[in-house]
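Take a look at the structure set out below.
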């Protein structure tokens, strides 16, 4: 809101009250128009197809107005152990709404009005009652179609669903696994050039049979176009897990597959499982072509067998494309490795030869994704560990990145889930103690700690003068949950 207090005494005598009202009205309308023109969507986890979890979109929130945020708690018919996506000014039930879209752990997808927290529609899968309250869950985040008329969501029955933004009705549903009780839809969905990219994992406890795989769907029709299997990779298509000689190798990074937006190439990393460097690719970093019909590159640490034996998944976090042909890959062994895309090129097995290895912030298992921020010609990498489980240990660290090397910038002992940079501020949720911490990303100075409840893998969405953060853990098997929405005045 424009501040007119200073000029009140001079404007009234000079212009008269009516003229002043006109000036105020025109100024207010100009401010509103400017705000409207800067409004943007948040259609995918972290607002990034590449998985950077760093958004350049203006948010309206800055260090000076953080204290003016007010919180609304929205009661949901399920726990959202993931993140919300956001579309502004879309038609829902015949009216224009700014809306969040979330998927609960038991597969309900819900549209929520961002202004007043009203539930606009709720889609429930047909077989919902058969898995409600069981261990068969999803931690996936939906994705919006570029046409803004549809959203795509994951369900615990192993299906991807296309839903109409206008009323939540089902357009199509396609299975991406033949074994939904053992193969889990864990990570955010991605859409690029008309294709949905979906990855599969296993359930907590690593209970086989399952194989991690990458499924490509036609977004318009729902047709399953291709499947690349991280085990029995010589066999395209959906597999009955028990028919493959390798097990596990879950693909479960919190920001999903990393998409190179210049080439369309897909980067994923796998968890512990069988590895032979030919058809089985447990604990590996993999580059696929855009339709997942060919593997373009691969990398695994030299101690692959030890990682597998000790359940220290390399793929406990998604790959981060650092630029210049370098990838940062975290892991459950408490390390972040820099790997050259050139060095891992080709189908022959590539092990070792990391460019650099640094410890995670608290030397804990890294169960959340990295965040990369480019600002004023400098590239930053952020990480928080201790999030993902209700741990009391962990930390947050920042590095600057240049010439294939990470240089420590700052760190603290605050654990968290996946970091997010939005509007020039760094947001990290503490799932153990509750609270969404806000930092100056360049210095690490904490600017605020927004109060909220505890959770698990939950991540914030920050756009249009609002912050949305789900609370709660899918592992509690609850059929209720909370979506926190913090808003600036007038939003």
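The values are calculated or read from the model by the stated rules, or taken from the named source; none is laboratory data. Since the structure is predicted, the reported quantities are computational estimates derived from the model, not experimental observations. Here the Cβ positions follow ideal geometry from the backbone for every residue, glycine too, while neighbour counts run over all protein chains shown.
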> Can you tell me which residues in the stretch 343-388 are in contact with a helix residue (DSSP H, G or I) (Cβ under 9 Å, 6 or more places away or on another chain) and farther than 25 Å from residue 297 by Cα?
Replying inline: 365, 388
> Taking the stated definitions as given, is residue 60 assigned by TED's automatic domain parsing to the domain that holds residue 436, in a helix (DSSP H, G or I), within 40 Å of the chain's Cα centre (by Cα) and at pLDDT 95 or above?
Replying inline: no
> Name the residues in the stretch 283-299 that are surrounded by fewer than 24 Cβ atoms within 10 Å (Cβ to Cβ) and closer than 9 Å to residue 344 by Cα, would you?
Replying inline: 287, 296, 297, 298
>> Considering only the stretch 63-73, I want to know if a residue exists there that is over 26 Å from residue 424 (Cβ atoms), assigned to a strand (DSSP E or B), touching a residue at least 24 places away in the same chain (Cβ under 8 Å) and more than 18 Å from the chain's Cα centre (by Cα).
In response: yes
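One line per residue, one yes/no per condition, for (1) at pLDDT 95 or above; (2) surrounded by 23 or more Cβ atoms within 10 Å (Cβ to Cβ); (3) not in a helix (DSSP H, G or I):
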| position | (1), (2), (3) |
| --- | --- |
| 306 | yes, no, no |
| 362 | no, yes, yes |
| 373 | yes, yes, yes |
| 384 | yes, yes, yes |
| 396 | yes, yes, yes |
| 409 | yes, no, yes |
> Restricting to the stretch 85-110, what's the tally of residues that are under 25 Å from residue 70 (Cα atoms), within 18 Å of the chain's Cα centre (by Cα) and not in a loop (DSSP other than H, G, I, E, B)?
Replying inline: 9
>> Any residue in the stretch 336-348 that is free of Cβ contacts under 8 Å to residues at least 24 places away in the same chain sitting within a Cβ distance under 7 Å of a residue that is surrounded by 13 or more Cβ atoms within 10 Å (Cβ to Cβ) and assigned to a loop (DSSP other than H, G, I, E, B)? List the pairs, counting only those 6 or more apart or interchain.
In response: 342/325
